[in-house]
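In what follows, a single structure is set out as C-alpha cells and then discussed.
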Amino acid sequence: MYLTKIYKNSSCIDGRGIFAGEPIPKGTVVFYYSSNDAYVLKKEFQSLPDSEREQIQKLGLEDESGNWIVTDGDANHSCDANILSMFVDGIYCDIAVKDIKIGEEITIDYGLFYSSFPWQMKCRCHSNNCRGVFGSAIPVDFQTQQLWHLRISEAAGRIFQVTQPLFARGDESARALRLALRSKQNPEIFPYTKFSLISNDPKMKI
C-alpha cells in the first residue's frame, strides 16, 4: 500500500498515473506490502481467464513465488524515476529517491521488478537518460545499475532524517519493516542484479 497521499490523473507518460497529494521528501518509504493489499496466489492466478490475468499483470506486482499483489495505485515507468525498489532484510518496499513536489507524477523504474516471464515495453518517459526499450528480457546496463545504486544509497541515508508515515502504521508487515529499518544504524546498499538490499555487513559493501 502507498503510505503517502496519492491521487490518479492523466499522465503525459502513458494513460493515467499516480500523483503526489502532498510533498514527499527524499528518503521517505512510499510503498510496502501491507496485509491489507489484495493477494492473488500463483495457483489462483494461473486458473484465471486471460483477460483477468492481463489486468492483474497491468496493475499488480509479482513476487518471487509467482504470487501477485494488486496495488492501490499504478505508477508509470520512468528511466529517471523518483521512487525505486529495495529490500530490507528481505522485505520489499519503495523509497523516494528525489524530493517529490505536490502534484508531481510518481514514477518507478519497471526494470527493478521481478518477472517470471519475458516482456518488454517501449519507453515513453522522455527523460534525458531514457533507455528507449526496457523489460525483463533485456539486460540492464552497468550505468543504469550504478544510477540505481547511487540514488537508493543517498535515499537510504535520509531514512531517519525525514518523517516516515510507515512508523505510524500498526499492521504486522509495517512493524516488521520498521524493525528491519531501525536495525540499520549505518545503512549500506548491496546491489545484486536488479534489486538492492540494505545491509550493515562490511563484507557486503562495494
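For C93, the requirement of being farther than 19 Å from K5 by Cα, hydrophobic (A, V, I, L, M, F, W, C), surrounded by 18 or more Cβ atoms within 10 Å (Cβ to Cβ) and in contact (Cβ under 8 Å) with a residue 40 or more places away in the chain is not met.
Would you confirm whether any residue within region 52-62 is within 15 Å of the chain's Cα centre (by Cα) and touching a residue at least 24 places away in the same chain (Cβ under 8 Å)? Checked against the condition, which is being within 15 Å of the chain's Cα centre (by Cα) and touching a residue at least 24 places away in the same chain (Cβ under 8 Å), region 52-62 yields at least one hit.
Among the charged types (D, E, K, R) and modelled with pLDDT under 90, is that true of D72?
On the way: among the charged types (D, E, K, R): yes; modelled with pLDDT under 90: yes.
Yes.
Inspection of region 98-106 identifies no residue that is of a type outside the set (S, T, N, Q) and at pLDDT below 90. Is it the case that some residue within region 116-127 is within 21 Å of I152 (Cα to Cα) and of a type outside the set (A, V, I, L, M)? For region 116-127, residues within 21 Å of I152 (Cα to Cα) and of a type outside the set (A, V, I, L, M): present. Return yes or no: is Y33 in contact with a helix residue (DSSP H, G or I) (Cβ under 9 Å, 6 or more places away or on another chain), aromatic (F, W, Y), surrounded by 14 or more Cβ atoms within 10 Å (Cβ to Cβ) and closer than 20 Å to R169 by Cβ? Yes.
Of the residues that sit in region 72-93 and are among the hydrophobic types (A, V, I, L, M, F, W, C) and more than 24 Å from L179 (Cα to Cα), which one is farthest from the chain's Cα centre (by Cα)? Residue satisfying both the conditions and the ranking: C79.
So if I check each of S127, S196, S183, which one is modelled with pLDDT of 90 or more and surrounded by 12 or more Cβ atoms within 10 Å (Cβ to Cβ)? Talk me through it step by step, then tell me what you get.
Numbers: S196 fails: modelled with pLDDT of 90 or more; S183 fails: modelled with pLDDT of 90 or more.
After ruling out the rest, the residue left standing is S127.
Once region 141-164 is narrowed to residues that are out of contact with any Pro (no Cβ under 9 Å at 6 or more places or on another chain) and surrounded by 16 or more Cβ atoms within 10 Å (Cβ to Cβ), the residue that is nearest to D14 (Cα to Cα) is T144.
The values are calculated or read from the model by the stated rules, or taken from the named source; none is laboratory data. Just so we're clear, the structure is a prediction, and the values are computed from it rather than from any experiment. Glycine gets a Cβ as well: all are built from the backbone with ideal geometry, and neighbour counts include every protein chain shown.
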